[in-house]
Amino acid sequence: MNIDQIGARLTNYRKNSNMTIKDFSQLSGVSTALLSQLERGMGNPSLSVLCAIAKTMNISVSSLFEETIILNNLVKRADEQPNIMDTTKENIEFQLLTTKSANLSDDLFRITIHSHSETEFCPFGANELEEIMLVEKGPVTIVSDNGDSIILKKGDTMRLVSKLRYKIKNNSSHEVTFLFIASNSNEVL
């Protein structure tokens, strides 16, 4: 049993509800001494105490054991997004913009293509799922392997379906950048 998680959840609930430990004790029937111990990550609550706390907080007992979400852990700061260069493709830079997650099956990249250059035919992702791109700074030309092409400008989005082989061309004298969502999951939901 992780008393720290229970204590953090209890403290957050109490403070967000503008309650003192005494107020919570009166509502739950749990002693102020035990509540204080739990909030400090100490104590050994019985099942009946856990049930009383959960009922007062209007959540399930199992919710008391869920990890507390810390907003700072969900952020990937700009200085933590280094450019990733592929030494075989000096005309392209990648930045991974998302944080690691066991629950997220997609990654968000910022891709920069240098002036007067293009990618090889690809999908960028490693699997057979759809990908999405949003042009931040363009224009950029998408060319399919059958010769079709389309020009995308700043703000345009495009779905890249799983069977499409394409290359991305920058015919301008400026860098182009786009956001790219690629799934890192092999399962289609």
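Just a few scattered comments:
- Hey, GLU93 modelled with pLDDT of 75 or more and among the charged types (D, E, K, R) or not: yes
- Across the stretch 49-83, the qualifying residues are those that are over 30 Å from GLU93 (Cβ atoms) and of a type in the set (Asp, Glu), and the one among them that is surrounded by the most Cβ atoms within 10 Å (Cβ to Cβ) is GLU66.
- For beta carbons closer than 6 Å, sequence separation of 6+ or different chains, a first residue in the stretch 1-22 that is over 18 Å from SER46 (Cβ atoms) and of a type outside the set (Gly, Ala, Ser) and a second that is at pLDDT 90 or above and assigned to a helix (DSSP H, G or I), the qualifying pairs are THR11/GLU39; TYR13/MET57; ARG14/PHE24; ILE21/THR32; ILE21/LEU35; ILE21/SER36; LYS22/THR32.
- Some residue of the stretch 53-63 being part of a helix (DSSP H, G or I), free of Cβ contacts under 8 Å to residues at least 40 places away in the same chain and under 28 Å from the mean Cα position of the chain (by Cα): yes
- Residue match in the stretch 4-17 (condition: more than 34 Å from the chain's Cα centre (by Cα) and part of a loop (DSSP other than H, G, I, E, B)): no
- Listed by first and then second residue, the pairs linking a residue in the stretch 149-174 that is farther than 20 Å from SER115 by Cβ to a residue that is part of a loop (DSSP other than H, G, I, E, B) and at pLDDT 95 or above, with Cβ atoms under 7 Å apart and 6 or more places separating them unless they lie on different chains, form an empty list.
- Qualifying residue in the stretch 18-29 (condition: under 29 Å from the mean Cα position of the chain (by Cα) and surrounded by 15 or more Cβ atoms within 10 Å (Cβ to Cβ)): no
The values are calculated or read from the model by the stated rules, or taken from the named source; none is laboratory data. Owing to the predicted nature of the structure, the values given are computational and were not obtained by experimental measurement. Every residue, glycine as well, gets a Cβ built from its backbone with ideal geometry; the counts of neighbours run over all protein chains shown.
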